[in-house]
Amino acid sequence: MARIVEVELGLSLGYSLLNRIIRVDRREVAALSWSFACFFCVLCSYYILRPLRDEMGVQGGVENLPWLFSATFVAMLLAVPVFGFAAARLSRRRLVLWTYLFFIANVLVFYVLFAGGAAPPAVARAFFVWVSVFNLFVVSLFWSLMADVFRPEQAVRLFGLISAGGSCGALAGPTLTASLAAPLGTSGLLLVSCAFLGLALACIHALLREARAGAADATQTSAEPGDAIGGTTWSGVAEILRSRYLLGIVAYVLLYTVLFGFAYLELARMVAANYADSAERTVLFAQVDLAVNVLTLLGQLFVVAKFVEKLGVGVALALLPALGIAGFAAIGLVPVLAVLVAFQILRRAADYSIARPAREMLFTVLPREAKYKSKNFIDTVVFRGGDAASGWVYQALKGLGLSLAGIAAVAIPGAVLWLVLGLLLGREHRRLRLGR
């Protein structure tokens, strides 16, 4: 009896502490906990792979990065209709579970290739492309599930903390990579990443079981009961073309990827020029990831929910473009590696802590089919299409003789347009949420 009382007191204390960070109902705690744990595992798995991916990109030649971005875009074009075909025919539960199982199998294939030393240059390029596809698909599908399980009002309160689960995983991932890279090697790290994907799969199963059982009625989307997605292979794309709201999200994502793609490519070029050793480059990329995720976690725990509740989704979406304007101006004035690294850390932290949760909130007011199919198309094809475009535009600007300062000056007007678009999307989200 005393043991039961101790457990109940501990749970009550934990709930009180949680409410100091965000407003949460007791009936939401189970679904919130599984969501937090799932995103932790997903991003831990990815961030174990990310420094390896960046190093593979540098090894393949910085001048070849636009080609790798284009290859990733083509891979997305091939993958999206397959995903759309599956989404039209599988239940929500089976779609999510089978997609994650597919990527677990992919990791095991790369493990065999790296362990056997098969065609290292070709495998390195394929790995760069695959990780870029893998990241967007698993994260996009995770947030589709979140937008489906939680209502718009809940998303404003809870998405920041759920994002913090991912940030904790993103902190653990680089730490594991830095500590295990020497004893386990690249192939061993792939197995560690695979294990975390398996744990994410278990969390998804538990979350969906919670939703089916109705154990947390406050977290279920009453407007669309059941588990079916429906539609056709291309209905997600058709929905985008019919909706000004979704087209606005497409434009927002394109501006984000193109403008910040310039910064990524220039950073890769300057890192390659300043660090000759592969291990040093991998450590630098891991240190950047670590700094980003510390700042991101603080923002997700203590800023995003209060920020969005008080100022709205539109202001949260406009924050990242505003930082982009300031960052490109700073790069234009002082075009050195240290400023570029600082800009990369700050803009990624602002993105992951505030802008990304706000962007995911945009989908909570849409029908289930748009949450899975239209969202997946935007998060994969549109996102990587912007990456590919940024690579070739960057090459063209460099071909015209523009320096880093000149490229930064070109980016500023686009960032202003991006800021205005974020405010407009926030206003439309509010209108849809209130049913006006």
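The values are calculated or read from the model by the stated rules, or taken from the named source; none is laboratory data. Predicted, not measured: the structure shown is a model, and the values here were computed from it. Neighbour counts are summed over all protein chains in view; Cβ atoms, including those assigned to glycine, are modelled from backbone coordinates with ideal geometry. All accessible areas refer to the heavy atoms of the entire protein, side chains included, with ligands and DNA or RNA removed. Shrake-Rupley method; radii C 1.70, N 1.55, O 1.52, S 1.80 Å.
Name the one entry in V341, V303, V283 that is out of contact with any helix residue (DSSP H, G or I) (no Cβ under 6 Å at 6 or more places or on another chain), modelled with pLDDT under 85 and buried (at least 17 other Cβ atoms within 10 Å of the Cβ).
Within the list V341, V303, V283, the selection yields V283.
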Quickly run through region 159-179 and pick out the residues that are closer than 13 Å to Q300 by Cα and out of contact with any helix residue (DSSP H, G or I) (no Cβ under 6 Å at 6 or more places or on another chain). L161
Only residues that are open to solvent by 60 Å² or more (accessible area, probe 1.4 Å), out of contact with any Pro (no Cβ under 8 Å at 6 or more places or on another chain) and modelled with pLDDT under 85: list them for region 229-278, please. T232, R269, A273, N274, Y275, A276, D277
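Here's the yes/no breakdown for (1) modelled with pLDDT of 85 or more; (2) hydroxyl-bearing (S, T, Y); (3) within 19 Å of the chain's Cα centre (by Cα); (4) exposed (fewer than 13 other Cβ atoms within 10 Å of the Cβ):
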| site | (1), (2), (3), (4) |
| --- | --- |
| T99 | yes, yes, yes, no |
| A105 | yes, no, no, yes |
| Y111 | yes, yes, no, no |
| L136 | no, no, yes, no |
| S140 | yes, yes, yes, no |
| L145 | yes, no, yes, no |
Working only within region 405-426, note down all residues that are open to solvent by 80 Å² or more (accessible area, probe 1.4 Å) and modelled with pLDDT under 95. P413
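Taking T364, is it at pLDDT below 90, of a type in the set (S, T, N, Q) and in a helix (DSSP H, G or I)? Outline the logic, then answer.
On the way: at pLDDT below 90: no; of a type in the set (S, T, N, Q): yes; in a helix (DSSP H, G or I): yes.
Judged against the criteria, T364 is not a match.
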Please determine whether any residue of region 396-403 is crowded, with 22+ Cβ neighbours inside 10 Å and in a helix (DSSP H, G or I). no
Among the polar types (S, T, N, Q), farther than 27 Å from V131 by Cβ and either in contact with a helix residue (DSSP H, G or I) (Cβ under 9 Å, 6 or more places away or on another chain) or open to solvent by 10 Å² or more (accessible area, probe 1.4 Å) (or both): does that describe T364? yes
For region 158-184, what are the residues that are touching a residue at least 40 places away in the same chain (Cβ under 8 Å), of a type outside the set (S, T, Y) and open to solvent by 20 Å² or more (accessible area, probe 1.4 Å)? C168, L171, A172, L176, A178, A181
